[in-house]
Amino acid sequence: MTASRLQLAFPDGHPGGEVLVFGAGSADDLSPLDPGRTVIRQGMFPDYSALVDRGYKAAPEIEGQFGTAIVFLPRSKPAARADIVSAAARLQPGGVLWVNGQKTDGIDAILKEMRGIHAIDEVHSKAHGKIFRVTPPGGNWLPAEWESRSTMIAPGFVTRPGVFSADGIDPGSALLARCLPERLPTRLIDLGAAWGWLAAQTLKHPGVEVVHLVEASYPALESARENISDSRARFHWADARDFRLPEPVNGIVMNPPFHEGRAASPVLGTEFIAAAAQLLTGAGRLWMVANRHLPYETVLRGHFAKVTEIGGDNRYKVFEASGAGRGGHRQRGRQ
């Protein structure tokens, strides 16, 4: 789908000069573009890693000026607007901005908004989506409220557009925090830490000497850095499913994601559980919250000797697991 729209936009191949791409994912076909003259801003670690493996220059933050910028719309409308502003700001005078997306990602609404701001040069429709071009007039031509800004959503906590639970504290994480014992292990990991609220709660408990925040979303991790100034916090931009430390830890908290894009995928939680089992000492403990309908009990018992549901409500369930590696099997990391 993406490839066909890019080919309509660039029928002769690479448009010339350096091209900046915002948000292209690991599965997107970028064949019209020359990898040697293309830079991709990608803040999700798994996509970033896959793009680098494909030979593209990628980074979570980009400097410099470009002749062409292409924005692949994210699902979040505030994040989409912020990406358009950031991409336009990286254009050389006379540079061209393209915006590409599926109908389900809100491309029609963004196109309508952009038409109310400035003339659209070109529009192509293909495969349930659109790609359109605009030549910016220069100056501050986009609405100031579209710019990416940190938003305070709880005392002392900020988020950024498009991150998980950007509008408030996730109720699953809040439930998990209430279920934690008063005294926690010395060495903790928050696996999939988002913008740091849960990790911040663990730092209030006695016994904690270090908390590793592991998060694949760079904007979320940057928010966590703002939210936690405690010297015991360590920040890791990484895929939680592949994350390793030199030595195992004795405690993990996690509220694993269960969506890839728009589709529910319990496999993500399964992979988080397998990773947690490999990160813990045999005596270490895992505390995990999950949506009640997700069938993680069997997976947990495959990796841990003891699994107990210690709390929950009609939406969520909270587990404590111990005896890592002494369950039904010990799954190795992804190949």
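How big is the stretch 1-74 by Rg and Dmax over its Cα atoms, in Å?
Expressed in Å, the Cα Rg and Dmax of the stretch 1-74 come to 11.3, 31.
Taking the Cα centre of the chain as origin and charging only Cβ (+1 Lys, Arg; -1 Asp, Glu), how large is the dipole, in debye to the nearest 20?
Taking the Cα centre of the chain as origin, the dipole is about 740 debye.
Leaving ligands, DNA and RNA out of it, report the carbon-plus-sulfur percent of the accessible area of the chain at a 1.4 Å probe.
The value for the chain is 49 percent carbon and sulfur by accessible area.
Assuming R0 = 25 Å, what is the FRET efficiency of D121 and S148, from their Cβ-Cβ distance, to the nearest 0.05?
0.50
Heavy-atom accessible area per residue, the chain, 1.4 Å probe: how many Å²?
The answer is 45 Å² per residue.
Sort T135, T38 by accessible area with a 1.4 Å probe, largest first.
I get T135, T38, largest accessible area first.
Work out the length of the dipole vector of the stretch 1-157 about its Cα centre, built from +1 on the beta-carbon of each Lys and Arg and -1 on the beta-carbon of each Asp and Glu, and round it to the nearest 20 debye.
Once rounded to the nearest 20, the dipole reads 300 debye.
Starting with the highest mean, order 271-279, 291-299, 186-194 by the number of other Cβ atoms within 10 Å, averaged over the residues of each peptide.
Put in order of decreasing packing, that is 186-194, 271-279, 291-299.
For the chain, which DSSP H helices look membrane-span-like by this rule: Cα extent along the axis of 15 Å or more and mean Kyte-Doolittle of at least 0.0?
77-89, 267-279
Throw me the Rg/Rh for the stretch 139-282, computed over C-alpha atoms with Kirkwood Rh, two decimals.
The Rg/Rh ratio comes out at 1.00.
Can you tally the lysine pairs in the chain where the Cα-Cα distance is under 19 Å and the two residues are eight or more apart, or on different chains?
Step by step, the pairs that qualify in the chain add up to 9.
Per residue and in Å³, how big is the convex hull formed by the alpha-carbon atoms of the stretch 50-144?
About 117 Å³ per residue, rounded to a whole number.
Provide the solvent-accessible area of S49, counting protein heavy atoms only and rolling a 1.4 Å probe, rounded to the nearest 10 Å².
Rounded to the nearest 10, the figure is 40 Å².
Just going by the charge dipole of the stretch 172-330, with Lys and Arg at +1 and Asp and Glu at -1 on Cβ, which of S217, I228, P246 is farthest out on the positive end?
P246
Can you work out the base-10 log of I(q)/I(0) for the chain at q = 0.16 1/Å, using the Debye formula on its C-alpha atoms alone?
-1.27
Calculate the length of the line joining the C-alpha centroid of the stretch 216-236 to that of the stretch 113-185, in whole Å.
First find each Cα centre; the distance between them is then 18 Å.
Which order do peptides 206-216, 151-161 fall in by mean Cβ count within 10 Å, highest first?
Final packing ranking: 206-216, 151-161.
With all protein chains present, calculate the accessible area of W141 using a 1.4 Å probe and round the result to the nearest 10 Å².
Probe radius 1.4 Å; accessible area of W141 about 40 Å².
The values are calculated or read from the model by the stated rules, or taken from the named source; none is laboratory data. In this text the structure is predicted, and so the values were computed from the model without any measurement. As a convention, Cβ positions derive from the backbone with ideal geometry for all residues, glycine included, and neighbour counts pool all protein chains shown. All accessible areas refer to the heavy atoms of the entire protein, side chains included, with ligands and DNA or RNA removed. Shrake-Rupley method; radii C 1.70, N 1.55, O 1.52, S 1.80 Å.
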